[in-house]
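The values are calculated or read from the model by the stated rules, or taken from the named source; none is laboratory data. Nothing here was measured: the structure is a model prediction, and the numbers come from that model. Neighbour counts are summed over all protein chains in view; Cβ atoms, including those assigned to glycine, are modelled from backbone coordinates with ideal geometry. Calculation scope for accessible area: heavy atoms of the full protein, side chains included, ligands and nucleic acids excluded. Shrake-Rupley method; radii C 1.70, N 1.55, O 1.52, S 1.80 Å.
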Amino acid sequence: MGAMHRKESTEGFDSFVTEAGLPLLRTAYLLVDDLGEAEDLVQEALLRVARYWDRVRSVEYPLAYARRVLVNLTIDQSTRRRRRRQLLSLDRWPESGNLPDPAADREFSMVEVRGDIGAALAALTARQRAAIVLRYWDGLSEAETAQHLSCSIGTVKSTTSRGLARLRELLGQGDPRTGEDNEEDEAVSVP
């Protein structure tokens with residue numbers, strides 16, 4: 001590879017990281033419920049994308065490819081993370097205004113997940129959490145979510161449905177078996 005081609009490739013990857021970094025970090029944060037772990041996952045995902053950047057940059061949506069790598073890493077490492085979290089008791093969400101990077105702070109202040117919803121989301125399985133985050137926070141279609149999770153659209157629908165039912169149950173919004181709402185908790189909504 002010539003020096004000029006390497007420079008163009010490096011500049012292209014640097015631009016991609018600048019553009020995709022915060023959206024990937026937001027997704028990772030929603031998936032793992034810990035800013036440090038989210039940063040580590042994004043860094044590892046970007047390293048994997050960088051290895052194949054010459055091929056990745058020619059695909060139609062490089063961000064979708066990177067997001068898929070990120071989701072796969074998150075699911076693959078979920079058991080190890082859960083064990084480590086139990087040992088270290090790392091279940092806190094960072095407070096808005098306390099993040100050192102102003103851009104990251106702005107991004108996280110837009111995430112409407114706080115308190116009980118964050119804890120409920122963290123209580124889901126890694127796959128349910130990934131399906132819900134991709135569908136409702138990242139705004140992907142069922143087909144795009146299925147592609148990211150390497151499964152069928154039907155699996156996305158059932159996984160999302162079970163995850164949302166579990167969230168409603170955890171948040172006290174009603175019994176998912178009967179469809180009855182708890183009147184006292186009607187103000188709490190799940191995406």
Legend entry - Most to least accessible of Thr155, Thr74 (protein chains only, probe 1.4 Å): Thr155, Thr74
Inset, instruction - Provide the gained length on full extension for the span Asp14 to Ser150, in nm with one decimal, where the gain is 0.36 nm per separating residue minus the Cα-Cα distance. - result: 46.2 nm
Inset, instruction - Specify the inter-centroid distance of region 26-63 and region 127-142, based on alpha-carbon positions, in whole Å. - result: 16
Inset, instruction - Quick one: order Asp14, Asp138 from most to least accessible surface, probe 1.4 Å. - result: Asp14, Asp138
Legend entry - Simple spin-label estimate for Leu63 and Ala123 in nanometres, 7 Å along Cα-Cβ: 3.3
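Write out the GluC sites (Glu not before Pro) in region 20-73 meeting two conditions: DSSP loop, and at most 10 other Cβ atoms within 10 Å of their Cβ. The partial results should precede the final answer.
Working: sites: Glu37, Glu39, Glu44, Glu60; in loops: Glu60.
Here the GluC sites (Glu not before Pro) that fit, given the DSSP loop and packing criteria, are Glu60.
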Inset, instruction - Please list Leu170, Leu164 in order of solvent-accessible area, largest first, computed with a 1.4 Å probe with all protein chains present. - result: Leu170, Leu164
